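The values are calculated or read from the model by the stated rules, or taken from the named source; none is laboratory data. Everything quoted here is computed from the prediction, not taken from an experiment. When we count neighbours, we look across all protein chains shown, and the Cβ atoms used for this are built from the backbone with ideal geometry, even at glycine. Areas reflect the complete protein model, heavy atoms only, side chains present, ligands, DNA and RNA absent. Shrake-Rupley method; radii C 1.70, N 1.55, O 1.52, S 1.80 Å.
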Amino acid sequence: MSIIRKYTQENLINTLNVSSGNEILFLLGAGCSVSSGCMAAGKMVQEFKRRIFCAKEGIPYSDNTLIYEEGFNQALAKEFSQGVENEYSYYFEMCFPNIVDRNQFIKEKFQNIKPSYGYLCFADYVISKKVKRILTTNFDKLCEKAIKKLDEDYDVTISTDSITSVVDSQLSIVELHGDYNYDALKNTEQELSTLSNKLMQEISSSIPKKIIVIGYSGQDKSVMDFLETLTSNHQNIELFWC
């Protein structure tokens, strides 16, 4: 039977300080990257809706004066008033049905984002504690950028559905939703429904004692199913949800 405890930030910091890097698995979500200038999911949904509406009504999307007026936003709210369970996936696919277009949109939004001070602090912890593996649903590569900013020679490898390392590295970053340069990214509800067997094997190759989830909303069925299975099969794992 699971035991639920409420930890303060100080409790978590103390736990991390006495834990060794090979005991810890981090899962980073989009909330980690907002302070670096990445668009939150809600803002991306609004952009998808604006683009869909402008295309339908023949309005230039580049007309920033118009699309931020109160009347325009009222029309937008009326147009998209129906309830949708996962607006991000639904409207992303509606806006860009072609997967290549979705990859290009993501690349343009995140390619030039720089890591915030918080990411640099996180990178310092990862390096000093020799954390072996980080999972992320993000496309922004901020974790890798932050680590390389502190130590450009630090040995980091990336794993996705399309790419994987053949030798061990100091740190493996598993991009659960893919890499925009190599993969068909996972954005739609169907794409997010399951993790591939390859990624499941990659993640399960070493079982952590502690899983630290930061900035993740839990909207991705495939990741949530994996966490549930992992913690059910290995009941000594502590799951910290920040």
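Some values worked out for this structure:
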item: Distribution of pairwise C-alpha distances over the range 164-212, 5 Å bins, in %; result: 4, 15, 25, 25, 18, 10, 2
item: Along principal axes, Cα extents of the range 74-124, largest first, whole Å; result: 46, 25, 20
item: Alpha-carbon centroid distance for the pair the range 182-242 / the range 44-85, whole angstrom; result: 34
item: Candidates LYS114, LYS141, LYS43: whichever shows maximal mean-square fluctuation once the chain is modelled as a Gaussian network with Cα springs under 10 Å; result: LYS43
item: Fraction of the pair-distance distribution of the range 176-242 above 18 Å, Cα-Cα pairs, percent; result: 41
item: Percent carbon-and-sulfur accessible area, the chain, ignoring ligands, DNA and RNA, probe 1.4 Å; result: 50
item: Test item: Cα-centred dipole of the range 40-117, Lys/Arg +1 and Asp/Glu -1 on Cβ, debye; result: 280
item: For the range 6-133: Kirkwood Rh in Å [reciprocal of mean 1/r, alpha carbons]; result: 17.9
item: Size of the range 1-50 as Cα extents on the principal axes (Å, biggest first); result: 47, 27, 20
item: Longest to shortest principal axis, alpha-carbon extents of the chain, angstrom; result: 57, 44, 36
item: Residue-averaged 222 nm ellipticity for the chain, from DSSP H runs of 4+ at -39500 (n - 2.57), nearest 500; result: -12500 deg cm²/dmol
item: Largest-first ellipsoid semi-axes for the range 104-153, taking √(5λ) over the Cα gyration tensor eigenvalues, angstrom; result: 21, 12, 9
item: Gain on full stretching of the segment that runs from ASN14 to LYS129 - 0.36 nm per residue minus C-alpha separation; result: 40.1 nm
item: Residues of type aspartates and glutamates that LYS198 reaches as a straight line, Cα spacing below 19 Å, ignoring anything fewer than 8 places off in the same chain; result: ASP161, ASP168, GLU175, ASP179, ASP183, ASP220, ASP225, GLU228
item: Net charge over other residues, Cβ less than 13 angstrom from the Cβ of SER81 (K, R count +1; D, E count -1); result: 0
item: Gyration tensor (alpha-carbon) shape descriptor, the range 89-210, a/c threshold 1.5; result: oblate
